[in-house]
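What follows is a single structure, written as structure tokens, with notes after it.
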Amino acid sequence: MKLTTEQIQQVDQKLIDFGFTFMDIRIEILDHILCLIETKENLDFKQALDTVFEEQKDYLKTQKLTQWSNVISQRVSLLKDIFLNPVFIFLWILSYFIYDNLPYSNHNLLLEDLDVIPMAIPILSFVFLGLYTFVSKKKLQVLMVRYLP
Amino acid sequence: MKKQQQLYKGSLNTIIMKLLEQNGKMYGYEITQKVKEITAGEMNITEGALYPALHKMEAEGFLDVEMDRVDGRIRKYYKLTENGVKETASRMEELENFIRNMQTIVSPNLKPSF
């Protein structure tokens, strides 16, 4: 059966009510559930929806419990890509080297003009590398794409 | 049937990677249906096994993800990365060796065809 926009929204709401908070996890589960509903040709939408949720309840329960760990591991993977990037590590070392060797009398005065350089380099590199990693891994797609028309 | 599923368990990632190599990009439900079709229903990949395997391979850098709007919702497609292609070749070689050795044990007089 071909599903309407309202029916798709209904299934999505049922997943939200079930406990799927994170959109990037829910997108995939929603598509899978909708594919299963679409194969139930001999049932109406409501019957197909209830049947599929009943058939998939064990899978959905497991996914609901693991969604937090899945999201955390995705975020950690993203941070690792930034902080373990060789360019980022080089810039941190360079910043420390500059800070340690700049010709000013007191290293503890944060407001000295030259003190801005070793702070600015890692901050700026974090921002640029973060953006590059985020965009290059296509994570932006998950946030930018609106799956409900 | 359940005992057979246990035998297939260790080769799930290899099967997924091989399918992606042959078909380009695929989505989760499509992979389950393709496996069922190829094995004439003998092998049934459950969602509980498939999606964690796909996510793990994505985290390991073997798979890349593409999002497309299809039939009013967003569909997540998986495809092999460059590392994924190399890894698939390596795993297929391992699987072929495994099958050859098992064939020797099961039917010592029969030579495998590949």
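The values are calculated or read from the model by the stated rules, or taken from the named source; none is laboratory data. Nothing here was measured: the structure is a model prediction, and the numbers come from that model. Please note: Cβ atoms are built from the backbone with ideal geometry, for glycine as well, and neighbour counts cover all protein chains shown.
Is there a residue being farther than 28 Å from residue A:74 by Cα, surrounded by 17 or more Cβ atoms within 10 Å (Cβ to Cβ) and under 12 Å from the mean Cα position of the chain (by Cα) anywhere in the stretch B:38-55?
Yes.
List the helices (runs of 4 or more DSSP H) inside the stretch B:18-114, counting only whole elements, that have at least 1 residues being within 14 Å of chain A (Cβ to nearest Cβ) and at pLDDT below 90.
Filter on the stretch B:18-114 gives B:28-38, B:47-59.
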